[in-house]
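Novice: Just passing along the structure, written as structure tokens.
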Amino acid sequence: MRKVITGNHAAAYGAKLSRPGVIAAYPITPQTTVVEYIADFIADGELDCKFIKVESEHSAMSACISAQNTGVRSFTASSAHGLALMHEMLMWAAAARLPIVMVNINRAMGPPWSIWADHQDSIAQRDTGWMQIYCENNQEVLDTTIMSYRVSESSDILMPSMLTEDAFYLSHTVEPVDIPDQELVDEFLPSYEPRYKLDVDEPYGFGSLVMPDNFLEFRYLMAKAYDTAKERIVEVDREFEKTFGRSYGGLVEHYRTEDADYLLVASGTNSSTTREVVDQLRNEGEKVGMARVRVFRPFPVDDVRALAKGVKAIGVIDRTYTYGAFGPFYTEILAALYGQEERPLLKNYLVGIGGRDVRPRDIRDVYKNLVKVSREGLDEEMTWHGLVGPGGDA
Amino acid sequence: MGRFTIPTDEHMRSGHVACQGCGAAHAMRYALKAMGEDTIVSIPACCWAVIPGVWPNQNLKVPLLYTAFEVTGASISGIRAALDFQGKDDVQVMGWAGDGGTADIGIQALSGMVERGTNVIYVMYDNEAYMNTGIQRSSSTPVGAWTTTTPVGSTQFWEADEKKDMVDIMVAHKAPYVATASVAYPEDMIRKFQKAKTIHGPKFIQVYAPCPTGWRSDPSRTIELAKMAVSTHLWPLFEVDHGVYTINQKPQKTDFMAYVRMQGRFRHLPEDFLKDWERKMDARWETLLEKERFSKELEEKGLLPFPGPHE
């Protein structure tokens with residue numbers, strides 16, 4: 001079935017098709033329509049699920065954790081300040097090894113208040129132990145929801161997944177989306193059957209005090225799970241293609257990178273614009289390609305190293321900045337390439353922060369500058385693209 | 001025979017790591033006797049996050065989920081929803097939090113849980129301060145008490161604020177069943193838990209649980225101290241069933257000063273302060289008697305009991 005729907009509607013469909021038994025959520029712009037659609041599904045009898053209308057995002061994640069620990073698949077969605085409020089429990093979910101899946105609508109953090117696209121909210125949750133997948137379009141949002149349960153619930157992974165969609169560019173923009181048949185999804189995603197759960201017939205305690213003699217090992221096991229997840233995400237993406245005819249490149253999508261001299265790295269909806277510009281530049285004879293870093297955690301270190309080979313320069317486009325350092329994707333790529341024999345010139349471009357419109361000409365400017373610094377040497381390591389007014393050039 | 005109502009079943013193993021004379025340890029033992037083995041317990045940060053023992057040991061025989069400090073209400077909401085989804089309506093869910101985790105940091109999640117009519121039992125074991133972290137005052141600390149954050153210095157810096165009344169707050173939420181209990185009266189306590197199990201919706205039980213470590217009291221006299229709290233009318237045993245108050249014991253009032261003198265946390269208090277506190281407690285007791293009388297009046301008029309949440 002094909003429908004013209006928003007990213008949030010696609011997320012709601014993705015959740016519905018994954019058959020969660022418990023959903024706990026709290027409204028925040030621009031996530032609200034995700035839970036509204038879910039409420040409609042339940043009201044219309046299309047989804048059999050307990051929906052807890054909690055009094056905060058902190059409680060939303062807490063309720064999901066407890067439900068999942070009781071052996072039931074759970075789902076939630078949030079954004080920005082809501083996600084930040086969940087922070088403590090995001091860590092809890094991951095370290096409790098609960099494969100919860102959530103959708104985060106990437107929105108700027110206040111102050112000043114902003115409801116528009118920005119990656120600071122999810123980047124600030126980088127170290128919580130959640131896998132992070134940055135989606136480019138509405139179809140990917142739906143498909144990744146289903147795939148994320150499959151990856152997260154693998155018995156050798158058992159880590160939660162957060163997929164993200166850019167505020168309004170996806171959350172409130174309609175696109176044609178194929179909605180897979182429930183039977184196919186059921187075949188692809190079996191029911192959730194954890195080995196350990198809260199069960200009066202087999203009582204265990206979960207999360208008790210652990211002395212320093214053992215804590216290290218608990219963390220090491222999480223690290224091993226992340227190693228496995230790197231491979232599993234790629235495998236599941238391929239399997240998804242076999243069943244549904246769509247794939248997203250696993251950890252990193254390579255777009256026209258084969259013989260590229262210059263590489264633009266993008267994530268989220270910035271990558272759609274970059275894709276368009278790459279096509280234009282290719283038509284003009286430029287040897288440029290795009291690497292869309294889809295998965296930020298686990299970070300695709302090997303893919304990045306492979307991509308960097310034979311490239312003259314890499315421009316990393318970030319939609320947020322970490323205070324006192326650089327854009328987060330840039331920092332990761334910089335770290336991945338240090339120590340490599342072949343190291344292309346690397347530059348960071350901050351583009352589209354706080355929902356600033358990212359036009360094809362902005363990406364063209366990035367490319368032009370990248371070629372220039374590649375020839376003439378680096379002018380600055382990081383550029384705040386399009387800066388105007390106080391502190392800016394204009 | 002038949003005189004004793006305390007079930008002989010034990011759902012708590014020996015070997016826990018509570019302090020000597022810990023009221024909270026008694027409280028769990030009695031609560032589980034009433035709740036039975038088909039119970040899942042959620043415990044936030046509090047003394048009871050440590051009492052069951054260090055991994056991989058666990059002294060409860062029922063499933064136990066440790067959670068973060070402020071989430072008990074949300075946690076048991078999630079467990080209940082999952083059990084209902086699995087069709088396990090017969091399994092009981094019990095949240096087990098201290099006074100800080102309930103009256104302070106956890107009050108939002110608790111309020112939401114009660115407002116949503118969640119079918120669970122929430123227990124606040126009240127040792128009247130943050131005992132697990134080392135005796136810091138909570139909003140449930142009684143006025144006048146010494147704690148490590150209300151120390152007795154050269155200026156009067158002891159606890160200046162009245163103890164927060166969680167029962168009133170829960171009654172205002174229209175929780176179908178709200179009760180106080182005491183580890184000194186296990187039969188009363190167990191009866192209340194057994195009754196709570198039969199009522200659909202959110203149940204709230206506040207258990208008076210002396211803490212010899214924090215109250216600076218004799219560990220061998222925990223039960224005696226808890227009894228005196230009841231007999232001085234400081235900790236009345238009562239229940240509010242769908243809005244209708246019943247005071248379970250109306251003892252002849254005993255010596256308030258004797259209760260105070262058993263605890264080092266009050267030793268600094270001047271006599272006029274204690275007299276004033278006693279007068280306030282007497283007024284609270286009189287108010288409770290009036291609440292009981294008034295709610296019975298409302299019952300006669302058909303205005304109470306209020307209907308419980310939908311099943």
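Novice: Pull up region B:214-241, narrow it to residues that are in a helix (DSSP H, G or I) and among the basic types (Lys, Arg), then point me to the one that is surrounded by the fewest Cβ atoms within 10 Å (Cβ to Cβ).
Specialist: Step one: of region B:214-241, the residues in a helix (DSSP H, G or I) are B:214-215, B:219-231.
Going one step further and asking which of them are among the basic types (Lys, Arg), we end up with B:221, B:227.
Details: B:ARG221: 16, B:LYS227: 19.
Among them, the one singled out is B:ARG221.
Residues checked against (1) in contact with a Pro (Cβ under 9 Å, 6 or more places away or on another chain); (2) without any contact (Cβ under 8 Å) to a residue 24 or more places away in the chain; (3) within 7 Å of another protein chain (Cβ to nearest Cβ):
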position: B:TRP55; (1), (2), (3): no, yes, yes
position: B:GLN58; (1), (2), (3): yes, yes, yes
position: B:ARG80; (1), (2), (3): no, no, no
position: B:ALA97; (1), (2), (3): yes, no, no
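Novice: If you scan region B:254-273, which residues turn out to be out of contact with any helix residue (DSSP H, G or I) (no Cβ under 6 Å at 6 or more places or on another chain) and under 25 Å from B:GLY153 (Cβ atoms)?
Specialist: Here is the first cut: in region B:254-273, the ones out of contact with any helix residue (DSSP H, G or I) (no Cβ under 6 Å at 6 or more places or on another chain) are B:255, B:257-258, B:261, B:264, B:267-273.
Scanning region B:254-273 gives B:MET257, B:ARG261, B:GLY264, B:ARG267, B:HIS268, B:LEU269, B:PRO270, B:GLU271, B:ASP272, B:PHE273.
Novice: Which of the residues that make up region B:161-197 are among the charged types (D, E, K, R), closer than 21 Å to B:LEU110 by Cα and in a helix (DSSP H, G or I)?
Specialist: Answer for region B:161-197, where residues must be among the charged types (D, E, K, R), closer than 21 Å to B:LEU110 by Cα and in a helix (DSSP H, G or I): B:ASP168, B:LYS192, B:LYS195, B:LYS197.
Novice: Still on this structure, I have one more. So, in region A:19-40, how many residues would count as being in contact (Cβ under 8 Å) with a residue 40 or more places away in the chain and buried (at least 23 other Cβ atoms within 10 Å of the Cβ)?
Specialist: 10
Novice: Moving on. Filter region A:67-85 for residues that are away from every other protein chain (no Cβ under 11 Å) and surrounded by 24 or more Cβ atoms within 10 Å (Cβ to Cβ); which is farthest from B:ILE79 (Cα to Cα)?
Specialist: So the residue we want is A:ALA80.
Novice: Could you tell me how many of the residues in region A:109-122 are buried (at least 22 other Cβ atoms within 10 Å of the Cβ) and of a type in the set (A, V, I, L, M, F, W, C)?
Specialist: Selection size over region A:109-122: 1.
Novice: Something else about it: Among the residues of region B:229-236, are any without any contact (Cβ under 8 Å) to a residue 40 or more places away in the chain, closer than 21 Å to B:THR141 by Cα and out of contact with any Leu (no Cβ under 8 Å at 6 or more places or on another chain)?
Specialist: Looking only at region B:229-236, we keep the residues that are without any contact (Cβ under 8 Å) to a residue 40 or more places away in the chain, and these are B:231.
The next check asks that each one be closer than 21 Å to B:THR141 by Cα; those that pass are B:231.
Cutting the leftovers down to out of contact with any Leu (no Cβ under 8 Å at 6 or more places or on another chain) gives us B:231.
Yes; the residues of region B:229-236 include at least one that is without any contact (Cβ under 8 Å) to a residue 40 or more places away in the chain, closer than 21 Å to B:THR141 by Cα and out of contact with any Leu (no Cβ under 8 Å at 6 or more places or on another chain).
Novice: Looking at region A:205-214, which of its residues are in contact (Cβ under 8 Å) with a residue 12 or more places away in the chain and part of a loop (DSSP other than H, G, I, E, B)?
Specialist: Residue satisfying the conditions is A:GLY207 alone.
Novice: Now for a different question. As an exercise: evaluate A:TRP113 against (1) over 19 Å from A:ILE38 (Cβ atoms); (2) away from chain B (no Cβ under 14 Å); (3) touching a residue at least 24 places away in the same chain (Cβ under 8 Å) and give the number of the one condition it does not meet.
Specialist: Unmet for A:TRP113, out of (1) over 19 Å from A:ILE38 (Cβ atoms); (2) away from chain B (no Cβ under 14 Å); (3) touching a residue at least 24 places away in the same chain (Cβ under 8 Å): (3).
Novice: Considering A:GLU217, A:GLU187, A:GLU202, A:GLU165, which residue is free of Cβ contacts under 8 Å to residues at least 24 places away in the same chain, of a type outside the set (Phe, Trp, Tyr) and either part of a helix (DSSP H, G or I) or within 30 Å of A:ARG356 (Cβ to Cβ) (or both)?
Specialist: Checking each option against the conditions leaves just A:GLU217.
Novice: For region B:82-95, give me each residue that is free of Cβ contacts under 8 Å to residues at least 24 places away in the same chain and more than 9 Å from chain A (Cβ to nearest Cβ).
Specialist: Listed by number, the residues that qualify are B:GLY87, B:ASP89.
Novice: Among the residues of region B:29-53, which ones are at the interface with chain A (Cβ under 7 Å from one of its Cβ atoms) and among the charged types (D, E, K, R)?
Specialist: Matches in region B:29-53: B:GLU37, B:ASP38.
Novice: Just the residues that are among the aromatic types (Phe, Trp, Tyr), free of Cβ contacts under 8 Å to residues at least 40 places away in the same chain and more than 17 Å from A:LEU378 (Cβ to Cβ), please, taken from region A:322-360. Explain how you work it out, then say what you get.
Specialist: Quick first cut of region A:322-360, residues among the aromatic types (Phe, Trp, Tyr) only: A:323, A:326, A:329-330, A:338, A:349.
So of that shortlist, the ones also free of Cβ contacts under 8 Å to residues at least 40 places away in the same chain come out as A:323, A:338, A:349.
Across region A:322-360, the qualifying residue is only A:TYR323.
Novice: Being surrounded by fewer than 23 Cβ atoms within 10 Å (Cβ to Cβ) and among the hydroxyl-bearing types (Ser, Thr, Tyr) is the filter here; which residues of region A:248-261 pass it?
Specialist: Correct list: A:TYR255, A:THR257.
Novice: Follow-up. I want to confirm something. Restricting to region A:169-184 and keeping residues that are surrounded by 20 or more Cβ atoms within 10 Å (Cβ to Cβ) and not in a strand (DSSP E or B), which single residue is nearest to the other protein chains (Cβ to nearest Cβ)? Explain how you work it out, then say what you get.
Specialist: If we filter region A:169-184 for residues that are surrounded by 20 or more Cβ atoms within 10 Å (Cβ to Cβ), which is where we start, we get A:169-171, A:177, A:180.
Now restrict to residues that are not in a strand (DSSP E or B): A:169-171, A:180.
Details: A:TYR169: 32, A:LEU170: 28, A:SER171: 25, A:PRO180: 23 Å.
So, considering only residues that are surrounded by 20 or more Cβ atoms within 10 Å (Cβ to Cβ) and not in a strand (DSSP E or B), the one nearest to the other protein chains (Cβ to nearest Cβ) is A:PRO180.
Novice: Residue check, A:TYR226 against (1) touching a Ser or Thr at 6+ places or on another chain (Cβ under 8 Å); (2) assigned to a helix (DSSP H, G or I), all met but one. Which one?
Specialist: (1)
Novice: Still on this model: Please give the number of the condition A:ALA10 fails out of (1) closer than 30 Å to B:ASP38 by Cα; (2) of a type in the set (A, V, I, L, M); (3) more than 11 Å from chain B (Cβ to nearest Cβ).
Specialist: (1)
Novice: Yes or no: region B:242-251 includes at least one residue that is without any contact (Cβ under 8 Å) to a residue 40 or more places away in the chain and over 18 Å from the mean Cα position of the chain (by Cα).
Specialist: yes
Novice: How many of the residues making up region A:45-66 are more than 8 Å from chain B (Cβ to nearest Cβ), within 20 Å of B:MET113 (Cα to Cα) and surrounded by fewer than 24 Cβ atoms within 10 Å (Cβ to Cβ)?
Specialist: Qualifying residue count, region A:45-66: 1.
Novice: Looking only at region B:120-159, which residues are part of a loop (DSSP other than H, G, I, E, B), farther than 30 Å from B:PRO309 by Cα and among the hydroxyl-bearing types (Ser, Thr, Tyr)?
Specialist: B:THR133, B:SER138, B:THR141, B:THR148, B:THR149, B:SER154, B:THR155
Novice: Still on this structure, I have one more. So which residues in region B:166-187 are in contact with a helix residue (DSSP H, G or I) (Cβ under 7 Å, 6 or more places away or on another chain), of a type outside the set (A, V, I, L, M, F, W, C) and more than 20 Å from B:LYS250 (Cβ to Cβ), if there are any at all?
Specialist: Hits for region B:166-187 are B:HIS173, B:TYR177.
Read the figures in this text as sums done on the coordinates, not as results from a lab. The structure displayed is predicted, hence computed values, not measured ones. Ideal geometry is used to build each Cβ from the backbone, glycine not excepted, and the neighbour counts take in all protein chains shown.
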